[in-house]
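**Q** Sharing a structure below in structure tokens format, with a few things to ask.
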Amino acid sequence: METSLCVDSLADSLVYITLSQATSQDVSVFQGASEKLSQWETQPGFYTSLCNIVASSKEIEVPVRWLATVCMKNGIDKFWRKNAPNAISENEKGITRFKLIKCIDEPSDVIALQLAVLIAKISRYDWPREWPELIDVLINNIKENGNEIRRYRSLLILSHVVKTLSTKRLVGDKKLFCELTSKIFPVMFEFWNYTIDIILSADAEYRHSMKFRYDLEMGLWSAKILSKLTVYGHNKPHLSPEAMNFMGVIFEKTKTLLQFRLTLIDEDERCKNLIEKHSLTLIKVLFSVLENHPLSYVDFVLITLQHSFYYCFTDEGYKLLFDSILIRWLNLMKAILLCPEYKNLTRSQPDTSADIIEKVKETKTAFFTPVIAHEIFYKLVNDYFILNENDLNAWDADPEAYAAEKIGESWKYDLKPCVEGLFKGFLKQYDEILLPIILNFLNSNKASPDPNDMVAILKKDAVYNVFGLSVFELFDEIDFDEWFSKILLPELHVISPNYRILRRRIAWLLGRWTGMKLAVDLHPVMYSEIINLLEPSEDMAVRLAAANTIKDVVDDFNFRSKVFLEFIPRCFQLLYTLLEQSEECETKMQVLTLLSFIIERVGWEIAPYFDSLVNYLPLLWQHSVGHNMLRCAIVSVLTQIVKGLGDQCVTLERFVILVIELSLDAEQEGHVYLLEDGLHLFLAYVENIQHGDKIFPMFNYLPHLIETSTEHLKVIIGIATSMLVLSPDNYLQMFGTRVINVLLDLLPDIKYEAVIIILEFFETCIKVRPYDSTKLLINFLQNSLMNIDERQEKASVISIRLSIFARIILVSNELFAEVVEGTSNKHNFSRDIVFGHFLDSWTNKMNIVWPPERRKLLGLALINLLTAGSSIVLVRFNAIVNAAVEVLNDILLHEGNGIYTDSLIFVDNGNNVSSEIEEQEVKTCHEIRISEITANDPVHKVDFSWYIRSQFKELEKQIGEENFQQLIDLVTKSTMYQINVYLNNL
């Protein structure tokens, strides 16, 4: 059995025994059986045996047969494709398909469901070519009245098959699905209508029968099938009379089902749920057509708006609804309001669309009259925006969960975001109608409610919700400074448990309006009031709303950190207390993210206020085991603290190294979650320390990370560069060979941007330790020297490659000569040929080198070579001089009176640091180290004009005046004229 599995009774028996053992509660028996089943997955005949077991409905117990279907389903995912490794043979596939069709009458519901999914998976691969009869068999079974269980199961299978086929997106597959739709749509529509009629005409006795439940399920499945066929089986549904007919009857059928649902008082709750699911499915058809085929939905825009208004904004219609379908109708109205295809004609739309768009605009304008707009607005505000008893109970039961932000697509399933989205969409489209209504509403509700009048407080909360959601439209209409000073501030000071509702809403409102219109001189007052809401005595939901508002005001474009500084101590202390007292992981993450953001925005001035947070983070880290997202937030905050502390971050060394090690170690459970944040912490820490002995061992993790993935290459190279600059000798000795070899292996296979990052790192190596780095990079240098002109590379890559050689030349001609010599030996070319070819490539590429700093660097190196005593260089004297003149044209500034100065020179101010560098804020130790390296770079230290003059004089000494003049004569008169002008008559 373990080597081959034949189709016979013995094989079936062995598989049956193993499946039985796999359902055992004994762990050892279960594990052994599971391993056997895994081994047999690739053996011929295994799936035939599974089919035989599934088909033995009377002889074999349900758990074993159920497990057999699951094994088959998993095997299909892995081995059914023709090109899959260990693919199931065509013969066995045929036997499997034949036996599965015979299992349609399956009596067990759980196994029938698995079979439906299994058959649908196979249909994705085999229909219609290898399994053309599948759909016909299912449709014929559905048409037959004699065998109810067969009809029931066939409809279940067909629903899964249609769902699966509708997801295929290749052009040929979509065409086949359209053909399938034209074939089965009439049958399914007729069956759906027939089933709906049976359901609606059911008497009390029939409603309590199992047959009634079956009818409900078949009605639901047929509706789902029609949904997929309508949306994905028609390129243009409006051209299909059948599809349009189906969508047309949805409105009345939905209403009838909702009315029927109210009559199901004593029936099984499952029956009510099936009716609700059926209604939701029908509304989903409308929403999907509107979303995928908006131009086909034009004829239903008016009736949709009418029904949405009826259900959501009239008492009669509202009584028919349940929460989920209420949200669907509201979202349908919003979708029509915001549908981009109904606003402007796009290039992808045909010319006839202009008439359609105009028709929709006229329909919407005719429907949304001032009277209707008024009714919708007041219904939203007085019913949907008002916090109800369930909201208040949820607040009291778990304020942290209640205060959690509802983001993403929460509008699809949560009523509050849904109605707020509808309100904003409505206001955006019909602001001219709504603005007077809103202004009148706000002005008539300015008065502060009685603290004991909960109804008035809840209404005022809704008023402020409207106020905040309408911020852009009300910008020119409202004096928010007056509202803040005369209304909001007094209400914030009201001491009453009921006023927590308004304090939370006002905190949110300030976050919406502060960045828009609050006067700058009122910002300190606003900061103080918001921070007051963080007090531990305040309600947790209010405190979290205040925290969100602080995030908004700190994120404001006009935020001034100096004004906020005086509030930092108290703000940090209260946020730290909130962090301690919160219980939910998500809340802690929210507060930590806020702290991190404040630190980032305010900068180094915030450092004195870190003590409490720094002491708390290690404790929180210990208690957050298993909560990886919380740990990510901790690492993010720690990174900002390290940046804020600067070189004082060494006081956190032990904790920082612990966190970095846990983040980078691939053996740790949270490695995948913490890696990115851990790398940024590593980088921040290395950039802010003066000595790195204890952090150096952490770098051992990085080469493996580079080998595994280049996703984080940029930050890893940043760490490597920082450590190199921090301690060049230690770094190159400990990690140089391994890191450079890993990076060299990557170069041929990575994108242009990553090549730039690696080459810049190599250049930094040459800058700080040219001799040692040249030895480490010798293979790279030899290949680059030989092939510099043959590579199809971008200008920036060539610029950096040439810059690396230029730096070696400026350090030592002998060192460069060794590279040339090694290249000639390696490639079996003479030294003169290699060197000459390289110089020709260099001078030819000078016109694509950029920026000016690199052009000057290459110019310095070329001029340097003139005195190297090489005839290969002197033969190219004209080309080198021309290149030098082009560089002079780019970098010299004319000061007047025939005086030209090198614009790239850093003027020494007595501190060995250029004035240009001093103008920048050097915040980190790494930036200081980099500025020192930059200040000593020949590009910024050597005057190019002076250097050319000096090298020319040295060359004249070496070869004599007559020979030098002969070289000068090779240069064109125009070039020599420029040389004389720039060098003041050379």
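**Q** Among the residues of region 580-587, are any assigned to a helix (DSSP H, G or I), within 22 Å of I506 (Cα to Cα) and at pLDDT 90 or above?
**A** Yes, there is a match, as at least one residue in region 580-587 is assigned to a helix (DSSP H, G or I), within 22 Å of I506 (Cα to Cα) and at pLDDT 90 or above.
**Q** Checking D693 against (1) open to solvent by 30 Å² or more (accessible area, probe 1.4 Å); (2) in a loop (DSSP other than H, G, I, E, B); (3) closer than 17 Å to I930 by Cα: exactly one of these is not met. Which one?
**A** All conditions are met except number (3).
**Q** Take L620 and tell me if it is closer than 17 Å to L674 by Cα and crowded, with 22+ Cβ neighbours inside 10 Å.
**A** No: the conditions fail for L620.
**Q** When the residues of region 258-290 are filtered to those that are of a type outside the set (K, R), part of a helix (DSSP H, G or I) and without any contact (Cβ under 8 Å) to a residue 12 or more places away in the chain, which remaining residue is surrounded by the most Cβ atoms within 10 Å (Cβ to Cβ)?
**A** N273
**Q** Which members of region 449-465 meet the condition of being surrounded by fewer than 16 Cβ atoms within 10 Å (Cβ to Cβ) and under 14 Å from F385 (Cβ atoms)?
**A** V455 - this is the single residue of region 449-465 that is surrounded by fewer than 16 Cβ atoms within 10 Å (Cβ to Cβ) and under 14 Å from F385 (Cβ atoms).
**Q** When you look at W483, is it in contact with a Phe, Trp or Tyr (Cβ under 6 Å, 6 or more places away or on another chain) and either without any contact (Cβ under 8 Å) to a residue 40 or more places away in the chain or in a helix (DSSP H, G or I) (or both), yes or no?
**A** When the stated conditions are applied, W483 does not pass them.
**Q** Might you let me know whether region 402-425 holds any residue that is of a type in the set (F, W, Y), in contact with a helix residue (DSSP H, G or I) (Cβ under 7 Å, 6 or more places away or on another chain), outside any loop (DSSP other than H, G, I, E, B) and open to solvent by 20 Å² or more (accessible area, probe 1.4 Å)?
**A** yes
**Q** Right, here's the next one. From the list R831, R801, pick out the single residue that is among the charged types (D, E, K, R) and either touching a Leu at 6+ places or on another chain (Cβ under 8 Å) or open to solvent by less than 30 Å² (accessible area, probe 1.4 Å) (or both).
**A** Just one listed residue meets the conditions, R801.
**Q** Mind listing whichever residues of region 46-82 are of a type in the set (A, V, I, L, M), buried (at least 19 other Cβ atoms within 10 Å of the Cβ) and under 17 Å from S34 (Cβ atoms)?
**A** Residues satisfying the conditions are L50, I53, V64, L67, A68, M72.
**Q** For V371, state whether it is at pLDDT 90 or above, in a helix (DSSP H, G or I), open to solvent by 80 Å² or more (accessible area, probe 1.4 Å) and among the aliphatic types (A, V, I, L, M).
**A** yes
**Q** Something else now. Of all the residues that make up region 520-562, how many are hydroxyl-bearing (S, T, Y), in a loop (DSSP other than H, G, I, E, B) and within 21 Å of S596 (Cβ to Cβ)?
**A** Here the count works out to 0.
Yes or no, residue by residue, for (1) surrounded by fewer than 18 Cβ atoms within 10 Å (Cβ to Cβ); (2) farther than 24 Å from D398 by Cβ:
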{"position": "S496", "(1), (2)": "yes, no"}
{"position": "I501", "(1), (2)": "no, no"}
{"position": "I506", "(1), (2)": "no, no"}
{"position": "L509", "(1), (2)": "no, no"}
{"position": "A546", "(1), (2)": "no, no"}
{"position": "V553", "(1), (2)": "no, yes"}
{"position": "D556", "(1), (2)": "yes, yes"}
{"position": "F559", "(1), (2)": "yes, yes"}
{"position": "K562", "(1), (2)": "yes, yes"}
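**Q** Please work out which residue is farthest from I88 (Cα to Cα), limiting yourself to region 105-116 and to residues that are free of Cβ contacts under 8 Å to residues at least 60 places away in the same chain and surrounded by 19 or more Cβ atoms within 10 Å (Cβ to Cβ).
**A** E106
**Q** Hey, another quick one. If I ask for residues that are of a type in the set (S, T, N, Q) and touching a residue at least 12 places away in the same chain (Cβ under 8 Å), which ones from region 709-754 would you list?
**A** T710, T721, S722, S727, N730, T737 - these are the residues of region 709-754 that are of a type in the set (S, T, N, Q) and touching a residue at least 12 places away in the same chain (Cβ under 8 Å).
**Q** Here is a further query. List pairs: first in region 393-418 and closer than 18 Å to P536 by Cα, second open to solvent by less than 30 Å² (accessible area, probe 1.4 Å) and not in a helix (DSSP H, G or I), Cβ under 7 Å, 6+ apart or cross-chain?
**A** Listed by first residue and then by second, the contacts come to E400/S582.
**Q** Considering region 108-135 alone, what residues qualify as being over 19 Å from L67 (Cβ atoms) and in a loop (DSSP other than H, G, I, E, B)?
**A** If the condition is that a residue be over 19 Å from L67 (Cβ atoms) and in a loop (DSSP other than H, G, I, E, B), then W127, P128, R129, E130, W131, P132 are the ones that fit.
**Q** Does L170 count as surrounded by 13 or more Cβ atoms within 10 Å (Cβ to Cβ) and closer than 18 Å to K228 by Cβ?
**A** Spelling it out, it is not the case that L170 is surrounded by 13 or more Cβ atoms within 10 Å (Cβ to Cβ) and closer than 18 Å to K228 by Cβ.
**Q** Are any residues in region 426-448 open to solvent by 70 Å² or more (accessible area, probe 1.4 Å) and in a helix (DSSP H, G or I), and if so, which ones?
**A** K428, E432, P436, N440, N443
**Q** Just to be sure before I move on: is S34 modelled with pLDDT under 90 and either closer than 22 Å to K121 by Cα or open to solvent by 30 Å² or more (accessible area, probe 1.4 Å) (or both) in the structure I sent?
**A** No: the conditions fail for S34.
**Q** Quick test of your reading of the structure: I135 fulfils all but one of (1) over 24 Å from K236 (Cα atoms); (2) open to solvent by less than 40 Å² (accessible area, probe 1.4 Å); (3) in contact with a Pro (Cβ under 9 Å, 6 or more places away or on another chain); (4) hydrophobic (A, V, I, L, M, F, W, C). Name the failing condition by number.
**A** Against the list (1) over 24 Å from K236 (Cα atoms); (2) open to solvent by less than 40 Å² (accessible area, probe 1.4 Å); (3) in contact with a Pro (Cβ under 9 Å, 6 or more places away or on another chain); (4) hydrophobic (A, V, I, L, M, F, W, C), I135 comes up short only on (1).
**Q** OK, next. Just to be sure, is Y206 within 25 Å of I157 (Cβ to Cβ) and open to solvent by 10 Å² or more (accessible area, probe 1.4 Å)?
**A** For Y206, the condition - within 25 Å of I157 (Cβ to Cβ) and open to solvent by 10 Å² or more (accessible area, probe 1.4 Å) - is not met.
**Q** What are the residues in region 923-941 that are of a type in the set (A, V, I, L, M) and either under 39 Å from the mean Cα position of the chain (by Cα) or outside any helix (DSSP H, G or I) (or both), if any?
**A** I928, I930, I933 - these are the residues of region 923-941 that are of a type in the set (A, V, I, L, M) and either under 39 Å from the mean Cα position of the chain (by Cα) or outside any helix (DSSP H, G or I) (or both).
Per-residue answers, yes or no, for (1) over 17 Å from P569 (Cβ atoms); (2) under 30 Å from the mean Cα position of the chain (by Cα); (3) not charged (D, E, K, R):
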residue	(1), (2), (3)
V602	no, yes, yes
I606	no, no, yes
D611	no, no, no
N615	no, no, yes
L619	yes, no, yes
V625	yes, yes, yes
V635	yes, yes, yes
K643	yes, yes, no
D647	yes, no, no
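**Q** Among the residues of region 466-485, which ones are of a type in the set (G, A, S), within 15 Å of L518 (Cβ to Cβ) and open to solvent by less than 10 Å² (accessible area, probe 1.4 Å)?
**A** Matches in region 466-485: G468 only.
**Q** Return the residues of region 966-986 that are in a helix (DSSP H, G or I) and open to solvent by less than 90 Å² (accessible area, probe 1.4 Å); say none if nothing qualifies.
**A** L967, I968, S974, T975, M976, Q978, I979, N980, V981, Y982
**Q** I need a count of the residues in region 179-237 that are under 16 Å from V249 (Cα atoms) and not in a helix (DSSP H, G or I).
**A** Residues that pass the stated criteria total 0.
**Q** So which residues in region 851-908 are open to solvent by less than 20 Å² (accessible area, probe 1.4 Å), over 19 Å from I800 (Cα atoms) and of a type in the set (D, E, K, R)?
**A** Across region 851-908, the qualifying residue is only D902.
**Q** Okay, next question. Looking for something among the hydroxyl-bearing types (S, T, Y), modelled with pLDDT under 90, closer than 20 Å to I104 by Cβ and touching a helix residue (DSSP H, G or I) at 6+ places or on another chain (Cβ under 8 Å) - is there at least one such residue anywhere in region 48-58?
**A** yes
The values are calculated or read from the model by the stated rules, or taken from the named source; none is laboratory data. A quick note: this is a predicted structure, and the numbers were derived from the prediction, not measured. When we count neighbours, we look across all protein chains shown, and the Cβ atoms used for this are built from the backbone with ideal geometry, even at glycine. What goes into the accessible areas is simple: the full protein's heavy atoms, side chains included, and nothing from ligands, DNA or RNA. Shrake-Rupley method; radii C 1.70, N 1.55, O 1.52, S 1.80 Å.
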